[in-house]
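Laboratory data are not the source of any read-out in this text; all were calculated from the coordinates shown. Note that the structure is a prediction, hence the values are computed from the model and not measured.
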Amino acid sequence: MDEFLPGFDLSVVHAHVFRVPAAECYEAARELDLFQAPLVRTLLGIRALPQRVAGTMRGRRTTTAPEASRRTFRLQDMVGLGWILLGETPDVEMVLGQVSRPWKSVAAAADTPTTPGQFTKFDEPGFAKIATNLRIDPYGNDASVLTVETRVAITDDESRRRFSRYWVLIGPFSSLIRRMALRLLAKHLRRPAQGRPHDGKSDRPG
């Protein structure tokens with residue numbers, strides 16, 4: 001994460017300890033489909049609402065947000081939806097990046113970066129550089145610490161003010177989605193089908 005976005009205006013971090021080995025936790029988190037929780041699909045639609053409203057007010061026809069119209073929503077599904085796979089260390093960390101204008105009705109632009117190198121060097125005014133990661137660190141012999149962090153770097157002062165207004169509305173929904181994702185992952189890892197006895201303790205994120 002520090003390699004691709006060392007400086008930022010906003011950082012949101014969520015973490016939790018799971019009682020499974022690091023490699024198993026990483027794979028489960030990487031393949032987790034957030035649409036297993038119907039409320040998440042609704043929240044993703046709400047998160048895209050400002051862009052749809054802005055487009056309507058400008059008299060433009062807007063389509064449903066891509067993430068809300070897909071059948072699955074996993075980390076790997078984000079690649080190709082305006083996100084770039086910046087880097088991955090198997091069983092340890094995945095970093096995704098995006099350059100966009102989330103406060104606008106059309107967040108993406110045709111000339112935004114499509115490679116990790118372009119993302120790192122990008123500094124054109126009027127945009128937000130966003131990086132999000134999934135990181136798993138071993139915690140003892142049979143447990144893991146999962147950390148999800150999102151960083152946002154704004155490229156000019158006017159865009160920083162626009163993003164601040166956008167984040168007042170969207171920030172709470174974004175954090176709620178992450179907390180629900182951790183709960184969904186905890187539920188998935190507790191399933192007997194995973195081949196582990198359930199010890200009666202809860203993995204529910206605090």
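Points worth noting:
- Computed from phi, the 3J(HN,Hα) profile of region 10-24 under the Karplus parametrisation 6.51, -1.76, 1.60 (θ = phi - 60°) reads 9, 9, 10, 10, 10, 9, 7, 9, 10, 8, 9, x, 4, 5, 5 Hz, with x in place of Gly and Pro.
- For residue 139, distant residues with modelled amide H under 5 Å away: 144, 145
- In order through region 122-132: 3J(HN,Hα) via Karplus (6.51 cos²θ - 1.76 cosθ + 1.60), integer Hz, x for Gly, Pro: 4, 8, 5, x, x, 9, 10, 9, 10, 10, 9
- Over region 99-169, equivalent-ellipsoid semi-axes from the Cα gyration tensor in Å: 30, 16, 10
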